[in-house]
Structure formats: structure tokens, C-alpha cells
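These notes are about the structure you will find just below.
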């Protein structure tokens, strides 16, 4: 059976931590396919950049990986998984997101539809698997967040090393995140 890795999020903006997670997951799980889904309208939190801008930046970020980058119209993970019915899917998240997993819409159903590949992150202990459907894997610690990047843009600070250069150029060219 061909495993499909799914890495979904708002990616507002996508950063080098997202890229590191995708690379580490590809090494760990040896997917037949990696699908990066940019959630158009996430149920849990609004996005600052438009879906089109976030999709464009995700395509730039993951350009060097063999990955399909697409827009996801479903607001929740369970709805997306129900709609797509991927073959042998593993949904990739950070350990910090695993802590919030019980608050997701229908978390038990999510685990019926997919396994979770949980990347360890800075400041988060590796999760103790609570299910055989949760598979932790390590990534090199990268202390970066989309929130911090948006704040740096507003303050006119450089984004070197936080996003791929093409994303930094895209943010500047499209005047995203209230650039000073």
C-alpha cells in the first residue's frame, strides 16, 4: 500500500520549521506522496494573508521537495480526510498541536481515518503515544513561528533564515503582514 503524507495548516506564512518538519517526515516515513494542504479558512483561527497568498508562499517554500501543494477548502481535518480518502495516510503535526488534538472536531474519527506523525519541537517533550495510531518522530529544533515572523515584518526586521528567500521576497513584493 502506498503511504500518503499530509501536512496541512494555515501557513501564515510558511517558514523553515515547516520545511524541516516535511523533510524529516519524508525521511522517517518514506511516503509515496506528500500532500501539503493550505487551509483556506481554518475553523480555529483566522489568517492574516489571503488563501491565494498563503498558497503561493507554500509553493515557494516546498518547491525543492517532491510534494503536491494545494488549497484545502474544508475547515477541519476530519472533514478534509472524509472528503479525500487518501490511501494509507499519515497526517503530520507538531508536538505542540498534539496537545490541542483532543479539542479538534471528532479526534477519534481523525484517528480512524489517518495516523498522526508527530514531530517533536523546541520546548515540547516528545509525546508519549496514547494510541498506536500516533507515531512521534524527531526534528532538529528550529525556534521559529509564523506569529513571530509576522511581528518581525511589522517591525521591519529581516526574515533571513526564518523563511526561504523567495517567501521573504514575496512578502515584501505583496506588502503582506503590515510591513513597516
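The values are calculated or read from the model by the stated rules, or taken from the named source; none is laboratory data. In this text the structure is predicted, and so the values were computed from the model without any measurement. With ideal geometry, Cβ positions are generated from the backbone for all residues, glycine too; neighbour counts draw on all protein chains shown.
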Within segment 89-102, is even one residue touching a strand residue (DSSP E or B) at 6+ places or on another chain (Cβ under 8 Å), surrounded by fewer than 15 Cβ atoms within 10 Å (Cβ to Cβ) and either closer than 19 Å to residue 25 by Cβ or free of Cβ contacts under 8 Å to residues at least 40 places away in the same chain (or both)? no
What strands (runs of 3 or more DSSP E), lying completely within segment 16-101, carry at least 1 residues that are modelled with pLDDT of 90 or more and under 23 Å from residue 165 (Cα atoms)? 33-39, 68-72
Restricting attention to segment 146-173, report how many residues are in a loop (DSSP other than H, G, I, E, B) and either at positive phi or surrounded by 15 or more Cβ atoms within 10 Å (Cβ to Cβ) (or both). 6
Going by the structure shown, is residue 24 without any contact (Cβ under 8 Å) to a residue 60 or more places away in the chain and surrounded by fewer than 21 Cβ atoms within 10 Å (Cβ to Cβ)? no
State whether one or more residues within segment 106-114 are surrounded by 18 or more Cβ atoms within 10 Å (Cβ to Cβ), at pLDDT below 90, under 17 Å from the mean Cα position of the chain (by Cα) and part of a loop (DSSP other than H, G, I, E, B). no
